[in-house]
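The values are calculated or read from the model by the stated rules, or taken from the named source; none is laboratory data. Being a predicted model, the structure only gives us computed values, none of them experimental. Cβ placement follows ideal geometry from the backbone for every residue including glycine, while neighbour counts extend to all protein chains displayed. We work out accessible area using only protein heavy atoms, side chains counted, and drop any ligands, DNA or RNA first. Shrake-Rupley method; radii C 1.70, N 1.55, O 1.52, S 1.80 Å.
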Amino acid sequence: MDFSRVALSDDDQAFQAELRTCLTELVTDDVIRRDRETGDNFDEDVHLALGAKGLLAADFKDESDGGFSRLRRRIWDLEIGRAHTPWFHWGTTAMVAHLVAKFAAADILEEVMPGVLSGHIRLCLGYTEPEGGSDVATCKTRAVRDGDGWIINGAKMFTSNAQHAQYVFLLTNTDPAAPKHQSLTMFLVPLDTPGIEIQGLRTVDGDRTNIVYYSDVRVDDRYRIGEVNGGWSVMRVALDAEHGVMEPDSQGLQKISMMSEHALLMAEAVDRAAAIVGAGGPDGGRRIDDPAVQYRLGRSVARMEAALSTPEMFGRVANVTAMREVAPELMDILGTAALLPADTPGAIDDGAAEYVYRLAGPCGIYGGTLEVFRNMIATHILGLGKPNYSAPKPAR
C-alpha cells in the first residue's frame with residue numbers, strides 16, 4: 001500500500017477550493033442540525049443544488065464520458081465527508097442507477113436517469129425482509145404474473161431513504177418452487193404506486209430507516225430489471241459494490257476501505273478528545289500527563305489508524321470494530337459528561353464520542369452483519385470451508 005502524497009495541479013487545487021467553498025455554503029449548521037433531528041442522512045436542498053451544479057453527474061459518469069477523473073473523485077469523496085454532508089443515500093442511488101443503466105430497457109433509462117443526475121430522482125433498496133436477516137436470497141415477497149404486469153405482495157425492512165425516494169430496487173420471489181438463488185426477480189418499482197405503505201423506524205443512533213409494505217402492488221413488466229428468475233445475477237453486481245468486493249484502481253486513489261465515512265466521525269472525536277485532555281484544567285494540571293490516559297488514548301489512535309488503513313471489505317470489519325472499541329474508551333477518558341448526547345447542556349465535545357458509540361452498533365449491520373463479512377473473508381479470501389450452522393450432535 002502506497003501512502004505517498006499526491007501532488008495536485010493548479011487546476012485540481014482550484015477544483016478542491018471551489019468545492020470546499022460550495023459545500024461550506026450549502027452544508028450549514030442548520031442543515032446539520034436538521035439532519036441530526038430527522039436522522040434522514042439526506043437534505044433535498046443540498047442534493048438538488050449539487051445536481052444543478054453538475055456534480056452528481058460528474059460523480060456518476062466515467063472520466064471518458066465527462067465525469068470526474070480518479071483524482072477529482074477522491075477529492076470529492078474527501079470533501080463531502082469533511083463537510084459532514086448528509087450524503088449516505090447518494091451512494092445507494094448511484095449504485096442502483098448503474099444497474100438500471102446496465103440491465104433496464106431504454107424507456108426506463110429515459111424515465112429515470114435524467115432525474116437521477118439532476119437530483120430530482122432518488123433510488124432505494126428493497127432487499128431485507130422482517131424475518132429474512134442477512135440472507136436476502138430467502139426472499140418471500142411474491143411477484144405473480146398478471147397479463148402484461150405483475151402483482152407484488154410482501155414487506156421489506158431497512159429500506160432507508162424510502163421517504164425521499166421515487167423508486168425502490170425491489171427483490172421479489174417469482175418461483176417459490178425453484179432453488180432460492182434461481183427464484184428471484186428484480187423490479188424498479190415507483191414508490192407512488194397504490195398499495196405501498198412506508199412506515200418510519202428509528203435506529204439506536206437516531207437514524208431513520210423504514211419498513212415498507214406491498215399490498216397487491218401492480219407493476220408493469222417494463223419495470224423488471226433483468227431476466228425473470230435471473231435476479232441473483234443482477235443483484236450480485238450490487239452486492240459486490242456494497243460489500244467492497246471491487247478491483248482497486250491502478251493509481252490507488254479509491255476509498256481505502258468500506259465504512260470510512262463513518263469512521264471519519266471516530267477520527268474527529270479522537271482528535272478533539274486529545275485536545276481536551278491536553279488542555280490545562282483549573283488547577284493547571286492536564287489529564288494527558290496521566291500515564292494511563294496516555295496509554296489508552298495512544299492505543300485508541302493506533303486502532304483508529306490501523307482501521308482506516310485497512311482496505312476494502314476487510315476495512316469494513318476493522319472500522320466498525322475500532323468504533324466499538326474506541327468510543328467507550330474515549331468516553332471513559334473524558335469522564336461521565338461524555339455520556340451526554342449532542343445538544344445536551346454539559347455534554348463534552350457536543351456528545352461526539354457518545355454518538356460514535358451509538359453509531360457503531362448499526363454500522364455492524366449495514367449491508368450485512370460483521371459475521372457475514374468475516375465469513376466472506378474466510379471463505380473467499382482465506383479459502384476456508386463454509387461455516388456449519390447445524391445443531392451440535394448430542395453427546396454420547
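So what's Rg/Rh here for the range 78-217, counting alpha carbon atoms and using the Kirkwood radius for Rh?
Here Rg/Rh amounts to 0.98.
Within the set of other residues whose C-beta is less than 13 Å from the C-beta of Asp11, count the net charge using Lys and Arg as +1 and Asp and Glu as -1.
That works out to -2.
Can you give me the distance in nm between label points at Arg222 and Ile365, each placed 7 Å from the Cα along the Cα-to-Cβ direction?
Inter-label distance under the simple model: 3.8 nm.
Where in the range 294-396 are there chymotrypsin sites (Phe, Trp or Tyr not before Pro) that are in a DSSP coil and have at most 11 other Cβ atoms within 10 angstrom of their Cβ?
Values: sites: Tyr295, Phe314, Tyr355, Tyr357, Tyr366, Phe373, Tyr389; in loops: Tyr366, Tyr389.
Passing both the DSSP loop test and the Cβ count: Tyr389.
When the distances between all Cα atoms of the range 55-100 are binned every 5 Å from zero, what whole-number percent does each bin get?
Here the calculated profile for the range 55-100 is 5, 21, 26, 29, 14, 3, 0.
Please list Trp90, Trp232 from largest to smallest accessible area, probe radius 1.4 Å, with all protein chains kept in place.
Order by accessible area, largest first: Trp232, Trp90.
Mean projection of the alpha-carbon convex hull of the chain over all orientations, in nm²? Walk me through the numbers on the way to the answer.
Values: hull surface 99.9 nm².
That works out to 25.0 nm², a quarter of the Cα hull's surface.
Compute the Cα gyration tensor for the range 8-59, then decide on rounded, prolate or oblate, letting a ≥ b ≥ c be the square roots of its eigenvalues: rounded whenever a/c is under 1.5, prolate when a/b is larger than b/c in the other cases, and oblate in all that remain.
prolate
Indicate, rounded to the nearest 5 percent, the antiparallel portion of the DSSP beta bridges found entirely in the chain.
80 percent
Which order do Val144, Val320 take when ranked by solvent-accessible area (1.4 Å probe, heavy atoms of all protein chains), largest first?
Order by accessible area, largest first: Val144, Val320.
Residues in the range 305-333, backbone N under 16 Å from the label point at Ala292 (7 Å along the Cα-to-beta-carbon vector): list them, ranges by number please.
329-333
Hey, any idea what Rg/Rh is for the range 128-198, computing Rh the Kirkwood way over Cα pairs?
0.95
Filter the trypsin sites (Lys or Arg not before Pro) in the range 2-53 down to the DSSP loop ones having no more than 11 other Cβ atoms within 10 Å, then list what survives.
On the way: sites: Arg5, Arg20, Arg33, Arg34, Arg36, Lys53; in loops: Arg5, Lys53.
Those satisfying the criteria are Arg5.
Evaluate Rg over Rh across the range 1-155, taking Cα atoms for both radii and Kirkwood's formula for Rh.
Reported Rg/Rh (Cα atoms, Kirkwood Rh): 1.04.
Using 1/(1 + (r/R0)^6) with R0 = 30 angstrom and r between the beta carbons of Ala7 and Asp30, what's the FRET efficiency to the nearest 0.05?
Calculated transfer efficiency: 0.25.
Only four residue types carry charge here, +1 at the Cβ of Lys and Arg and -1 at the Cβ of Asp and Glu. Report the dipole size of the chain about the Cα centre in Debye, rounded to the nearest 20.
Dipole about the Cα centre, nearest 20: 1440 debye.
Among all lysine pairs in the chain that are eight or more places apart or on different chains, how many have alpha carbons less than 22 angstrom apart?
7
What is the gain in length, in nm to one decimal, between Ser233 and Ile198 on full extension, counting 0.36 nm per residue of separation less the C-alpha to C-alpha distance? Working shown, then result.
Working: separation 35, 0.36 × 35 = 12.60 nm, distance 2.77 nm.
Taking Ser233 through Ile198 to full extension adds about 9.8 nm, to one decimal.
Ignoring everything except DSSP H segments at least 4 long, calculate the 222 nm mean residue ellipticity for the chain; use -39,500 (n - 2.57) per segment, divide by total residues, nearest 500.
Theoretical 222 nm ellipticity from helices: -14000 deg cm²/dmol.
How much accessible surface area, in Å² rounded to 10, belongs to the heavy atoms of Phe68 with a 1.4 Å probe?
About 20 Å², ignoring ligands and nucleic acids.
With the Cα gyration tensor of the range 272-365 in hand, give its eigenvalues times 5 under a square root as the equivalent ellipsoid semi-axes, listed largest first in whole angstrom.
Equivalent-ellipsoid dimensions as semi-axes: 25, 17, 8 Å.
Using 0.36 nm per residue, how much length does the chain from Ala306 to Asp350 gain when fully extended, once their Cα-Cα distance is taken away? Mind showing how you got there, number by number?
Details: separation 44, 0.36 × 44 = 15.84 nm, distance 2.59 nm.
Fully extending the segment from Ala306 to Asp350 adds 13.2 nm.
Can you tell me how much longer the chain between Tyr213 and Asp107 gets when fully stretched, taken as 0.36 nm per residue apart minus their C-alpha distance, in nm with one decimal?
Net length gain for the segment: 35.5 nm.
Translational D (Stokes-Einstein, µm²/s) of the range 331-396 at 37 °C and 0.692 mPa s when Rh comes from the Kirkwood sum over C-alpha pairs?
Approximately 215 µm²/s, per Stokes-Einstein.
What accessible area per residue, rounded to a whole number of Å², is obtained for the range 119-199 using a probe radius of 1.4 Å?
For the range 119-199, the per-residue accessible area is 40 Å².
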